[in-house]
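The values are calculated or read from the model by the stated rules, or taken from the named source; none is laboratory data. Quantities reported herein were computed from a predicted structural model and do not represent experimental measurements. Every residue, glycine as well, gets a Cβ built from its backbone with ideal geometry; the counts of neighbours run over all protein chains shown.
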Amino acid sequence: EENEICDDSTFLRVIKQFATPSDEEVTRSVQELQIEDIVAFTELYREAVMASFNAATENILKTIRHEDPFDDRHVVAAVDFTHVPYHVWPWIDKDEKIPKAEYPPMVSGYKEDGEIKHGYTFATITIVGNDIPIILGIEPVKERSAWEPEDAPADSKADVVDVLLDRAQQYVDLDEVLLDRGFYSNEV
């Protein structure tokens, strides 16, 4: 029975081959790209995803705008940083401090319940209140990690919050913004 089920990546390759016109080349998977290509790919992918996200947000707001949901109430937004676990060890040899060269550049180390974990980090700004929350913005966050060089780029929480506030204020006037206690220790 196990031999009758193909791996997910095999299935996706077959689907891509069927979907690609015969005069075009089948697009490579992320795993087949070189690390330099992955960084460029990540930025292009982010731009495409964000364009779709922003269009969806605008559609949601246009749909409810006729009800004037923001005109007669105190508009409160919450900013949250969220970690999505990545379960691959970043080191070839931690004692010798030799990191994996091919480790995804956006994966960071973080602490959760006192335990060091690895994962992708993103920040969101969401309108909260009486009804269904509406996410107005999302940003990937690059944090510096122990396996990276000292001069590795990292995003400051303050800059990420500024970007999220700018994005949210394109759609609605905010009266109040909620931040959790982690922001107070990071000079945001």
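Let me spell it out: the conditions are (1) more than 24 Å from Leu165 (Cα to Cα); (2) out of contact with any Asp or Glu (no Cβ under 9 Å at 6 or more places or on another chain); (3) surrounded by 11 or more Cβ atoms within 10 Å (Cβ to Cβ), and Asp93 meets all of them except one. Which number is the exception?
Answer for Asp93: the failing condition is (3).
In the set Tyr103, Tyr110, which member is aromatic (Phe, Trp, Tyr) and part of a loop (DSSP other than H, G, I, E, B)? Outline the logic, then answer.
On the way: Tyr110 fails: part of a loop (DSSP other than H, G, I, E, B).
Tyr103 is the lone residue from the list that is aromatic (Phe, Trp, Tyr) and part of a loop (DSSP other than H, G, I, E, B).
Just to be sure before I move on: is Ser108 among the hydroxyl-bearing types (Ser, Thr, Tyr), within 27 Å of Val76 (Cα to Cα) and free of Cβ contacts under 8 Å to residues at least 40 places away in the same chain in the structure I sent?
On the way: among the hydroxyl-bearing types (Ser, Thr, Tyr): yes; within 27 Å of Val76 (Cα to Cα): no; free of Cβ contacts under 8 Å to residues at least 40 places away in the same chain: yes.
Taking the combined requirement at face value, the residue does not satisfy it.
The conditions are (1) within 24 Å of Met50 (Cα to Cα); (2) touching a residue at least 12 places away in the same chain (Cβ under 8 Å), and Trp147 fails exactly one of them. Which is it?
Looking at each condition in turn, Trp147 falls short on (1).
I'd like the full set of residues that are in a strand (DSSP E or B) and either among the acidic types (Asp, Glu) or exposed (fewer than 15 other Cβ atoms within 10 Å of the Cβ) (or both), limited to the stretch 176-185. Lay out the reasoning, then the answer.
Looking only at the stretch 176-185, we keep the residues that are in a strand (DSSP E or B), and these are 176-179.
Passing the criteria: Glu176, Leu178.
When the stretch 111-168 is examined, which residues are found to be buried (at least 17 other Cβ atoms within 10 Å of the Cβ), β-branched (Val, Ile, Thr) and within 23 Å of Lys100 (Cα to Cα)?
Answer for the stretch 111-168, where residues must be buried (at least 17 other Cβ atoms within 10 Å of the Cβ), β-branched (Val, Ile, Thr) and within 23 Å of Lys100 (Cα to Cα): Thr121, Val141.
Do we have Ala154 as among the aliphatic types (A, V, I, L, M), under 28 Å from Asp93 (Cβ atoms) and touching a residue at least 12 places away in the same chain (Cβ under 8 Å) here? Talk me through it step by step, then tell me what you get.
Numbers: among the aliphatic types (A, V, I, L, M): yes; under 28 Å from Asp93 (Cβ atoms): yes; touching a residue at least 12 places away in the same chain (Cβ under 8 Å): yes.
Considered against the rule, which asks whether it is among the aliphatic types (A, V, I, L, M), under 28 Å from Asp93 (Cβ atoms) and touching a residue at least 12 places away in the same chain (Cβ under 8 Å), Ala154 comes out as yes.
What tally of residues in the stretch 74-90 results from selecting those that are in a strand (DSSP E or B) and loosely packed, with under 10 Cβ neighbours inside 10 Å? Give the steps one after another, and end with the answer.
Going residue by residue through the stretch 74-90, those that are in a strand (DSSP E or B) are 76-85.
Checking the rest, the ones that are also loosely packed, with under 10 Cβ neighbours inside 10 Å come to 84.
Going through the stretch 74-90 one residue at a time, the tally reaches 1.
Examine the stretch 87-105 for a residue that is hydroxyl-bearing (Ser, Thr, Tyr), under 23 Å from the mean Cα position of the chain (by Cα) and at pLDDT 80 or above, and state whether such a residue exists.
Of the residues in the stretch 87-105, the ones hydroxyl-bearing (Ser, Thr, Tyr) are 103.
Of the ones still in play, those that are also under 23 Å from the mean Cα position of the chain (by Cα) are 103.
Imposing the further condition that a residue be at pLDDT 80 or above reduces the set to none.
No, every residue in the stretch 87-105 fails to be hydroxyl-bearing (Ser, Thr, Tyr), under 23 Å from the mean Cα position of the chain (by Cα) and at pLDDT 80 or above.
Restricting the first residue to the stretch 85-105 and requiring it to be touching a residue at least 24 places away in the same chain (Cβ under 8 Å) and hydroxyl-bearing (Ser, Thr, Tyr), which pairs with a second residue that is part of a loop (DSSP other than H, G, I, E, B) and surrounded by 12 or more Cβ atoms within 10 Å (Cβ to Cβ) meet a Cβ separation below 8 Å and a spacing of at least six or different chains?
The qualifying pairs are Tyr86/Pro104; Tyr103/Pro90; Tyr103/Trp147.
Among the residues of the stretch 130-175, how many are part of a loop (DSSP other than H, G, I, E, B) and under 20 Å from Thr42 (Cα atoms)?
Number of matching residues: 10.
Any chance the stretch 18-31 includes a residue that's small (Gly, Ala, Ser) and either at pLDDT 85 or above or within 30 Å of Phe183 (Cα to Cα) (or both)?
Going through the stretch 18-31, the residues small (Gly, Ala, Ser) turn out to be 19, 22, 29.
Applying the additional criterion that residues be either at pLDDT 85 or above or within 30 Å of Phe183 (Cα to Cα) (or both) yields none.
Within the stretch 18-31, not a single residue is small (Gly, Ala, Ser) and either at pLDDT 85 or above or within 30 Å of Phe183 (Cα to Cα) (or both).
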